[in-house]
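Asks: What follows is a structure written as structure tokens; I'll ask about it next.
The values are calculated or read from the model by the stated rules, or taken from the named source; none is laboratory data. Since the model is a prediction, treat every value here as computed from it, not as a measurement. Cβ coordinates were reconstructed from backbone atoms using ideal geometry, including for glycine residues, and neighbour counts include every protein chain displayed. Surface areas here come from the heavy atoms of the whole protein model, side chains and all, with no ligands, DNA or RNA. Shrake-Rupley method; radii C 1.70, N 1.55, O 1.52, S 1.80 Å.
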Amino acid sequence: MNQKRLLLTYGLVFFVTAIWGLNIVIIKVLVEGLPPQTMTAFRIMMAGITALIIIVLGKSFRRLSKREWIYTLLGMLFGVILHHLLIAVGLTMINASNASLILALVPLTTAILAFLFLGEQLTKLRMIGFILALTGVFFIQGGSFSNMQLSQGELILFIAMFVQAISFIFVKKATATLDSKQVTTIMYLVGSIGLLIISFITEPGGVSEMTSASLFIYFLFIVSGIVATGVGYIVFNAAIQQIGAGQTAIFNNFVPFFGLVFSALFLNETITASQLIGFVFIIAGVLFGTGYIEKLRDKKHKRINHTNKSVG
């Protein structure tokens, strides 16, 4: 990949992380004005239709092999149905800033799962990252062992974070042979049907309640479904395919930062010192845990060795 295209990819992924940080705030507003599970089903369906339009215009659709179907559907189960359902429910119980910090653990969790299931190496520096991230969780909880018990909402968000990390493993396997836009489209269209079926059971009057919100709520609903989820995940999954899961996951570090900022700006949520300390530890943990620090170290050593050979 040439330098200009690489910088464009980095810029687009950075923009997506800003939108995702804002989207946590948007979803917090949506779950207070609409039935959470029904809203999530239609929001994901809107994202799937957006992705479908993009691949139809780009003529990038083809038939999937059995293996591709398995990985795509597993990615859909964990990354769409479980992840988005749990986020919608969890955000009815906790504030958006805490949710942002919990979701910041996705890259590190992805790295650990890659070690367990993909055979990727887990070095000492990555273990340090794991410890740093857990320290960050400790500070999110208030920086006291007496506050370490997770609330129900926080537990739900932790599970939402974990299942998303699982989905990234399956997305990586699916996009090894299949266009990422097609993977995203199938995941969201099929996933939205699953979410809708679940909402019919858990929220019987949810569809009728969807018609009673204000125009501003519907505007946020469209922005969340089309821009943040539909276009956002197409860009993110395309980046996974182009530059790899590890490098792309690093950009997730910006999501909690933007989530904290937008929570304070638009929801008037108070950002505590303990949360900020936790954020710093989590970011440090992610940088170590995903191997980013190791890559920088190895790159520096190679440059030094190359310089020494040139001088010699």
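Asks: Rounded to the nearest 500, what is the 222 nm mean residue ellipticity of the chain from helices alone, with -39500 (n - 2.57) per DSSP H run of 4+ residues and division by all residues?
Replies: Rounded to the nearest 500, the figure is -24500 deg cm²/dmol.
Asks: Between segment 194-232 and segment 80-116, what's the alpha-carbon centroid distance in Å?
Replies: 20 Å
Asks: Summing +1 for each Lys or Arg and -1 for each Asp or Glu, what net charge is found among the other residues whose Cβ lies under 13 Å from the Cβ of K172? Walk me through the numbers on the way to the answer.
Replies: Working: positive: K173; negative: E68, E120.
Counting the neighbours of K172, the net charge comes to -1.
Asks: Give the lysines whose C-alpha is closer than 29 Å to that of K302, dropping any in the same chain fewer than 8 places away, or say none.
Replies: K4, K124, K172
Asks: Which whole DSSP H helices in the chain pass both tests: a Cα extent of 20 Å or more along the axis and a mean Kyte-Doolittle value no lower than -0.5?
Replies: Numbers: long enough: 3-33 (44 Å, 1.34); 36-58 (33 Å, 1.55); 124-140 (24 Å, 1.84); 152-174 (33 Å, 1.43); 180-202 (32 Å, 1.43); 273-289 (23 Å, 2.12); 292-311 (29 Å, -1.73).
Passing helices, by number: 3-33, 36-58, 124-140, 152-174, 180-202, 273-289.
Asks: Ignoring any ligand, DNA or RNA, what whole percent of the accessible area of the chain comes from carbon and sulfur when the probe is 1.4 angstrom?
Replies: After summing per-atom areas, the C and S share lands at 70 percent.
Asks: If you rank V235, V16 by how much accessible surface each has, with a 1.4 Å probe, what is the order from largest down?
Replies: Ranking V235, V16 by accessible area, largest first, yields V235, V16.
Asks: How big is Rg to Rh over the chain, alpha-carbon atoms, Rh as the Kirkwood inverse-mean-distance radius?
Replies: Here the Rg-to-Rh quotient is 0.99.
Asks: Could I ask something else about it? Over segment 1-145, give the accessible area per residue in Å² for a 1.4 Å probe, as an integer.
Replies: Spelled out: the 1.4 Å probe surface of segment 1-145, per residue, equals 46 Å².
Asks: Something else about it: When the chain is fully extended, how far beyond the present Cα-Cα distance does F61 get from T92, taking 0.36 nm per residue of separation?
Replies: Working: separation 31, 0.36 × 31 = 11.16 nm, distance 3.74 nm.
Here the segment from F61 to T92 would lengthen by 7.4 nm.
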